[in-house]
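The structure appears right after this line, and notes come after that.
Nothing in this text is a laboratory measurement; each read-out follows from the coordinates by a stated rule. Bear in mind the structure is a predicted one, so any value in this text is a computation, not a measurement. Counting neighbours? That spans all protein chains shown, and the Cβs are built from the backbone with ideal geometry, glycine included.
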Amino acid sequence: MRTKIAAVALGGLLLALPAALARAEPPQKLYELNCWGCHGANGEGVKDTAPTLVGVAKFLKAPGGRSYLIEVPGVSYSKLSDAEVAAVMNWVLGNFSKQNLPAGFTPYTAAEVKRYRKIHLPRLAETRKHLLKEIAAESAGDSGGRDAPPRGFGARPLASSTAR
Ligand code: HEC
């Protein structure tokens, strides 16, 4: 009886251990603990705080977009390990942006994240604007809606900014 009570008490103690001590959190949990506060429970974004993550895979269409998603401060400077960043970003893309994930998308790896994290964006707002412009140009002509097929994506080299 006593040991049972002790076991239950110990169980409770373990559950109460700070999340930081727990290893290998599932990506959804990583999102809840590290991203949700700014981006919202469903990645819907929070006005004047953080943009929506719904459809964020559109950045993958622009040259430099793949690294940009990791270079943003909220991601790059998070306390997460490279492997955790890769996991949470792959989860974000698959959950909030499944509808426009490019067909040939290869998930981020820890090694790739490590490389991108070394790059610091001195003019973040401008880089973001530039990427959004590239994306708009790339998808000009299609509705941009969630039903739009990934027409032509990957079929030709992405246009460079000087090409048109
Ligand atoms: C302190 C608030 C904050 C936190 C925490 C935060 N972000 Fe962000 N995030 C932003 C802001 C603001 C931007 C827009 C770029 C910028 O100004 O930094 C952004 C941009 C992004 C982008 C690029 C999308 C775009 O439209 O530019 C992605 C992807 C992203 N965040 C994912 C995450 C993930 C994943 C986490 C958790 C590991 C996270 N963020 C944590 C505030 C935050």
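See the values below:
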{"read-out": "Simple spin-label estimate for Glu44 and Asn90 in nanometres, 7 Å along Cα-Cβ", "value": "2.9 nm"}
{"read-out": "Phi to ³J(HN,Hα) by Karplus 6.51 cos²θ - 1.76 cosθ + 1.60 over segment 86-95, Hz, x for Gly, Pro", "value": "4, 5, 6, 5, 4, 5, 4, 5, x, 9"}
{"read-out": "Percentage relative contact order, segment 24-73, counting C-alpha pairs under 8 Å, at least six apart", "value": "17 percent"}
{"read-out": "Per-residue HN-Hα couplings for segment 116-125 [Karplus 6.51, -1.76, 1.60; θ = phi - 60°; Hz; x = Gly/Pro]", "value": "5, 5, 7, 8, 10, 8, x, 10, 4, 4"}
{"read-out": "Residue-by-residue Karplus 3J(HN,Hα) for segment 60-74, coefficients 6.51, -1.76, 1.60, Hz, glycine and proline x", "value": "5, 7, 9, x, x, x, 4, 6, 3, 4, 8, 6, 4, x, x"}
{"read-out": "Residue exposure sequence - Trp91, Trp36 - by fewest surrounding Cβ within 10 Å", "value": "Trp36, Trp91"}
{"read-out": "Debye, to nearest 20: dipole size of segment 25-138, +1 on Lys, Arg Cβ, -1 on Asp, Glu Cβ", "value": "260 debye"}
{"read-out": "Order by protection proxy (mean Cβ within 10 Å, highest first), peptides 116-127, 49-60", "value": "49-60, 116-127"}
{"read-out": "Relative contact order computed over segment 25-138 (Cα-Cα under 8 Å; 6+ residues apart), in percent", "value": "30 percent"}
